[in-house]
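Comments concern the structure below.
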Amino acid sequence: MLAFALGCEGSIRDGFGDAVDHSRSRGAAGSVVSEAGSGAPPSSGTGPIAAGSGASPRAGADAPSAATCEGVVDVGVAPLRRLTRTEYERTVADVFGVSDPALAAGLAIDERIDGVFASNLSSPVAVVQVRQYLDAAELVASKVRLDELAPCDRAAKGDEGCARELVTKLGVRAYRRPLVDEEISRYLTLYRGVVMLEGHEPALRAIVQGLLQSPHLLYHLELEPGDGALPNSVARLPGYALASRLSFFLWSGPPDAPLLAAAETGELDSDAGVVKQARRLLDDPRAKHAIESFHDQWLGLGRLDQASRDPQLFPEWNGELVSALRGENATFSDHVIREQDGDLASLLTASYSFPSGPALAIRGVAAGPSGEPIALQSERGVGLLTQPAFLAAHSHSNQSSPIQRGRALRERFFCQPLPDPPPDVAAVAPELASGLTTRERFAMHRTAGSACFGCHRLIDDLGFALEHFDALGRYREREEGKPIDASGQLIATDVDGSLDGARALAQRMAQSDQVQQCYAKQWLRYALGRQEEDADRCALERIAKQFESAGTITELLIAITTSDAFLRQRVEE
């Protein structure tokens with residue numbers, strides 16, 4: 001008990017920014033299916049950099065100080081990853097022209113980095129998942145418009161000539177690089193086998209199925225044998241791999257033709273070329289996908305998919321409301337980042353939002369002009385912290401949850417991880433009691449000397465600052481006939497002090513270097529699909545400094561794309 005109480009404060013005190021050492025095995029996910037080809041993609045990157053002299057220590061070693069980061073080039077190990085369900089769905093839509101929510105819904109639930117960002121990098125692929133990809137491939141192949149995917153004059157080129165054209169044109173989009181001769185040959189062999197039994201069109205659809213089940217589509221394959229990278233070195237990623245990193249980071253989907261062309265011409269071999277393409281991607285409407293995906297995952301809004309509400313207390317709760325709340329959050333985040341000043345302080349403190357449909361009633365406002373922000377009064381509108389989607393995602397079915405909200409703020413905004421409660425402590429909300437407010441019912445956690453006190457003094461006041469909002473995220477002045485008490489003390493941060501309500505909390509957080517650095521770290525985790533290691537410390541430090549200097553979130557994203565952690569890969573033996 002005592003270890004838990006003290007350990008909570010110790011973990012906070014011992015260091016914001018400490019890398020978490022996660023044990024990993026490279027390629028643990030394995031091959032999904034034996035496929036039509038296994039040739040290595042052509043190399044277009046620069047040569048490897050030997051790790052050792054001038055390289056920062058690996059995970060578990062002493063981290064470099066700020067002074068020793070000068071000239072250091074090192075990165076953590078990036079395990080083999082399968083596409084997430086969202087990435088798969090958008091790949092199918094962009095490459096094959098088929099949009100069907102059932103595709104992603106039919107795949108296994110994504111793994112998550114530290115419970116936050118989706119990234120399938122640990123668990124082996126089971127037989128049931130192979131079957132899921134097969135079923136999805138069959139569904140897509142039955143729906144594709146072959147005449148639109150690769151128009152071809154059969155009379156002029158012949159059936160097999162059109163099959164070759166389909167393989168080469170569609171293959172470069174599916175594999176996110178040109179296919180080598182051996183791969184093309186294997187798909188044509190597949191075509192010949194099917195065409196004799198079923199005819200030309202079914203044989204073309206068989207090629208589509210093969211592409212959809214290829215590890216080159218289903219995995220982020222970034223460095224392969226033949227790329228010229230030496231074991232135990234740090235190498236710049238080949239151009240096509242960087243094109244994929246850029247597009248999946250900034251679009252949550254595959255690269256388009258201009259980005260693939262930039263890889264082919266060698267434009268992505270220079271940092272300037274990477275920046276040029278990154279800015280183009282951020283200016284594209286598809287960038288909203290990534291901004292929505294990041295903030296949706298970072299804020300834990302996926303919890304709403306399984307959330308329920310007591311129908312007697314909250315009859316408004318339904319799927320339409322959940323969609324409206326998440327849509328409001330997505331539009332607000334994208335508007336601040338790409339259409340306004342893009343400042344983190346604005347994201348935290350803006351006094352407007354974009355509610356629509358049933359979210360208008362939760363916000364207590366009337367609809368405004370289409371696409372225009374709606375001004376919100378005082379405590380009702382304080383950036384991300386008062387977004388109803390965030391507040392509802394961290395609530396119970398019959399009441400708000402200052403514990404869930406406080407923990408989310410401490411861990412996701414300050415990057416200060418907290419331990420789970422001791423096994424003999426019931427982690428359940430106190431029962432509703434007539435005449436008692438939420439704050440009064442949670443008073444037991446505040447008792448000095450209790451097993452809960454160590455952590456709850458770090459959590460509760462953060463959550464109580466948001467107590468003006470109920471389990472739907474709806475503003476309230478009173479609870480059980482009593483005025484809401486949203487006062488408290490912020491401790492164990494770089495902006496400690498008294499606060500009262502969401503706006504006071506948001507203003508302190510907007511001034512926090514810890515929050516700014518944590519936000520940068522969260523974006524890096526999202527971009528790489530992995531937890532940072534000690535070897536990434538220098539890259540993370542440079543990103544944070546560029547973010548502080550530039551001041552905008554778009555420049556933070558640009559800084560990530562030019563970091564060693566993004567541009568390079570550690571090659572293991």
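Brief remarks on what is shown
- The set of residues in the stretch 251-300 being farther than 25 Å from residue 169 by Cβ, in contact with a Leu (Cβ under 8 Å, 6 or more places away or on another chain) and not small (Gly, Ala, Ser) consists of 271, 274, 282, 295, 299.
- Members of the stretch 323-347 found to be touching a residue at least 40 places away in the same chain (Cβ under 8 Å) and within 17 Å of residue 395 (Cβ to Cβ), listed by number: 325, 326, 328, 329
- Qualifying residue in the stretch 391-411 (condition: free of Cβ contacts under 8 Å to residues at least 40 places away in the same chain and within 25 Å of the chain's Cα centre (by Cα)): yes
- Restricting the first member to the stretch 540-561 and to residues that are farther than 24 Å from residue 243 by Cβ, and the second to residues that are assigned to a helix (DSSP H, G or I) and at pLDDT below 95, the beta-carbon pairs closer than 8 Å and six or more apart or on different chains are 541/69.
- Residue within the stretch 350-373 that is small (Gly, Ala, Ser) and farther than 26 Å from residue 319 by Cα present: yes
- All conditions but one from (1) buried (at least 18 other Cβ atoms within 10 Å of the Cβ); (2) under 23 Å from the mean Cα position of the chain (by Cα); (3) within 23 Å of residue 406 (Cα to Cα) apply to residue 307; the one that does not is (1).
- Test result for residue 472, part of a loop (DSSP other than H, G, I, E, B) and either hydrophobic (A, V, I, L, M, F, W, C) or in contact (Cβ under 8 Å) with a residue 40 or more places away in the chain (or both): yes
- When residues of the stretch 493-502 are limited to those that are more than 27 Å from the chain's Cα centre (by Cα) and touching a residue at least 24 places away in the same chain (Cβ under 8 Å), the one surrounded by the most Cβ atoms within 10 Å (Cβ to Cβ): 499
- Enumeration of residues in the stretch 126-164 that are in a helix (DSSP H, G or I), touching a helix residue (DSSP H, G or I) at 6+ places or on another chain (Cβ under 6 Å) and among the small types (Gly, Ala, Ser): 136, 137, 141, 163
- Residue list for the stretch 370-385, restricted to those being out of contact with any Ser or Thr (no Cβ under 7 Å at 6 or more places or on another chain), touching a residue at least 24 places away in the same chain (Cβ under 8 Å) and on the phi > 0 side of the Ramachandran plot: 378
- When 100, 114, 74 are checked against the criterion of being in contact (Cβ under 8 Å) with a residue 40 or more places away in the chain and either buried (at least 18 other Cβ atoms within 10 Å of the Cβ) or among the aromatic types (Phe, Trp, Tyr) (or both), a single residue qualifies: 74.
- Members of the stretch 72-99 found to be closer than 29 Å to residue 138 by Cα and among the acidic types (Asp, Glu), listed by number: 87, 89, 94
- Conditions (1) closer than 18 Å to residue 271 by Cβ; (2) in contact with a strand residue (DSSP E or B) (Cβ under 7 Å, 6 or more places away or on another chain); (3) at pLDDT 95 or above; number of the one not met by residue 569: (3)
The values are calculated or read from the model by the stated rules, or taken from the named source; none is laboratory data. Remember, predicted model here, so these are calculated numbers, not experimental data. In this analysis, Cβ positions are derived from the backbone assuming ideal geometry, glycine residues included, and neighbour counts consider all displayed protein chains.
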